[in-house]
Amino acid sequence: MGMRLDAEKWRAHRGVERILKALGSADGLTRYVGGAVRDDLLGLPVNDIDFATRLTPDQVVERLEKAHIKAVPTGIDHGTITAVADGQPAEVTTLRADVSTDGRRATVEFTDDWMADASRRDFTINALYADPETGEVHDYFGGLDDLKAHRVRFIGDPLTRIAEDHLRILRFFRFHARFGDGKPDAEAIAACAARANDLMALSRERIADELLKLLALTDPSTTVELMIERGIFTPVLPEIVSAEPLRSLLAAEQEAGFEPDSLRRLSALLPRDAATAGATAARLKLSNKARKRIGLAVDADLSDSPQSLAYWIGTESAIDRLLLAGRASDAREIRDWAVPKLPIGGGDLIKLGITQGPRVAKTLQAIEQAWVADQFPEGDAFAAIVRKAVDSETR
């Protein structure tokens, strides 16, 4: 693993050259920071590039606007300005030191001390800075060694870092699932377990967001199992008691060739009871659409054929339910299946002699039920279904 970034390659990212010129990277005022530096060193794709700077937020805005770069004060109280150059947004944040924290938010003061800024970050692998001119990586807390070891480690005392921001408990497990290899850092695990009740102070939206990010990773099952063993879910999601359903789902996803889906995986972790799963989804403040999807997924009714199931509850939900039941081939079978439309309407029935009103709806329902049960026949077979239903109503 190199100790320098390819400075020329980084400047080729859209808008980066203009931002750096405006912020004075040649004067040592601005560096790349955080996840982009980490990912580049790991050979992963770099998308969003963030900057740290000694300039105050007002100075950042002044310089960006002078260079005709749009400056949006997205988090100005915490020193963050979003620079939009050539249509590409990038966060520019003034170096900070914490004045006070309460586990949910921090009061900060601005500084020109790179190490002070690094010391308030969560993990060593996220506290890496790179000089835009030379590509040199500045590492204040052993992040490079931790990257090489595939180890996720808090900066300083884990209990202190968690007290500053309780969400770091969940972030630790997500980062371990993504970047860790082997046993997680023992001191970090002990701190997360000891402070798990702190999660109760967080909004359920933040908890849901972090959990869904974890579940979207390729294989989060070992990490989820560890979280269950150490009681991390107990204060806020006591419904999650076993990782085995998740493991089974992952196997089915892989067999059927489906990409990771965080909502489907959350469904696997919840009880197979639509009311309980729906209440959990509501508590996490998930959207109505997501709540409905989870409720349909955990329903164990598989009495219909895969095609019939897709017709009644939608292809996505049918695939969820089938994969949760381990029926990978059935899920794969309906992946690209076009759900047909009932080839008759109320007007057609009126022409056939059905009196307008409730009898039309009743007859349509009977036709639809028979049509789906017979696996969507066409032509004479469908006409026979219609005749039978109409005759039944017009006798």
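The values are calculated or read from the model by the stated rules, or taken from the named source; none is laboratory data. For clarity, every value in this text was computed on a predicted model and none was experimentally measured. Cβ: placed from backbone, ideal geometry, glycine included. Neighbour counts: every protein chain shown. To get the accessible areas, we keep the full protein, side chains included, count just its heavy atoms, and leave off ligands, DNA and RNA. Shrake-Rupley method; radii C 1.70, N 1.55, O 1.52, S 1.80 Å.
Could you state the accessible area per residue of the chain in Å², with a 1.4 Å probe and every protein chain left in place? Could the numbers behind the result be given before it?
On the way: 18780 Å² over 395 residues.
Result: 48 Å² per residue.
What list of ³J(HN,Hα) values in whole Hz, one per residue of segment 269-281 in order, does the Karplus curve 6.51 cos²θ - 1.76 cosθ + 1.60 (θ = phi - 60°) give from phi, with Gly and Pro shown as x?
Values, residue by residue: 7, 9, x, 7, 9, 4, 5, 5, 5, x, 5, 5, 4 Hz.
Please give every one of the lysines within straight-line cross-link reach of LYS388, meaning a C-alpha to C-alpha distance under 28 Å, and leave out same-chain neighbours fewer than 8 residues apart.
LYS341, LYS351, LYS362
Report the Cα centroid-to-centroid distance between segment 263-301 and segment 34-83 in angstrom, as an integer.
38 Å
So what J values fall out for segment 166-173 if you push phi through Karplus, 6.51 cos²θ - 1.76 cosθ + 1.60 with θ = phi - 60°, rounded to Hz, Gly and Pro as x?
Each residue of segment 166-173 in turn: 5, 5, 4, 4, 5, 4, 4, 5 Hz.
Could you give the nm distance between label points at HIS78 and ALA97, where each point is 7 Å from its Cα heading toward the beta carbon?
Distance between the two pseudo-spin positions: 2.0 nm.
What is the dipole size for the chain, taken about its Cα centre, with +1 at each Lys and Arg Cβ and -1 at each Asp and Glu Cβ, in debye to the nearest 20? Don't jump to the answer; show the numbers that get you there.
Numbers: 52 positive and 62 negative charges, 219 e Å.
Here the chain has a charge dipole of around 1040 debye.
Suppose every K and R has +1 on its Cβ and every D and E has -1 on its Cβ; what is the size of the dipole of segment 68-168 about the Cα centre, in Debye to the nearest 20?
Approximately 440 debye in magnitude.
Each residue of segment 129-140 in turn: what ³J(HN,Hα) in whole Hz from Karplus with 6.51, -1.76, 1.60 and θ = phi - 60°, glycine and Pro shown as x?
Karplus values, whole Hz, x for Gly and Pro: 10, 9, 6, x, 7, 10, x, 4, 9, 9, 10, 9.
Suppose the chain between ILE350 and MET3 were pulled fully straight at 0.36 nm per residue; how much longer would it get relative to their current alpha carbon spacing?
Values: separation 347, 0.36 × 347 = 124.92 nm, distance 7.75 nm.
Gain on extension, ILE350 to MET3, equals 117.2 nm.
Could you tell me the ratio Rg/Rh of the chain? Both radii from Cα atoms, Rh via Kirkwood. Display every interim value, and only then the final one.
Numbers: Rg = 27.7 Å, Rh = 24.7 Å.
Rounded to two decimals, Rg/Rh equals 1.12.
Amide H to amide H, which residues 5 or more places from GLU136 or on other chains are under 5 Å from it, using H placed in the peptide plane?
LEU5, ASP131
Write down the Kirkwood hydrodynamic radius of segment 183-285, to one decimal in angstroms, obtained as one divided by the mean of 1/r over all alpha carbon pairs.
Values: mean 1/r = 0.0701 Å⁻¹.
Radius from the Kirkwood sum: 14.3 Å.
If DNA, RNA and ligands are ignored and the probe is 1.4 Å, what is the ranking of SER329, SER25 by accessible area, most exposed first? Please list the in-between numbers first.
Numbers: SER329 65, SER25 10 Å².
Order by accessible area, largest first: SER329, SER25.
Under a cut-off of 22 Å between alpha-carbon atoms, report the lysines in cross-link reach of LYS183, not counting same-chain residues fewer than 8 places apart.
LYS148, LYS213
Would you pull out the residues with amide H under 5 Å of ARG96's amide H, same chain only if 5 or more places away, H placed 1.01 Å from N?
THR111, ASP117
With a 10 Å radius around each residue's Cβ, average the other Cβ atoms per peptide and rank 345-355, 381-391, highest first. Let's see the in-between values first.
Values: 345-355: 13.8, 381-391: 15.5.
So the peptides 345-355, 381-391, ranked by packing, come out 381-391, 345-355.
Would you calculate, for the chain, the mean residue ellipticity at 222 nm contributed by helices, counting each DSSP H stretch of 4 or more residues as -39,500 (n - 2.57) and dividing by all residues, to the nearest 500? All intermediate terms of the calculation are to be shown ahead of the outcome.
On the way: 21 runs with 196 residues, N = 395.
Helix-only estimate at 222 nm: -14000 deg cm²/dmol.
Carbon and sulfur atoms: what percent of the 1.4 Å accessible area of the chain do they account for? Spell out each step's value before the answer.
Values: 9010 of 18780 Å².
Accessible surface attributable to carbon and sulfur in the chain totals 48 percent.
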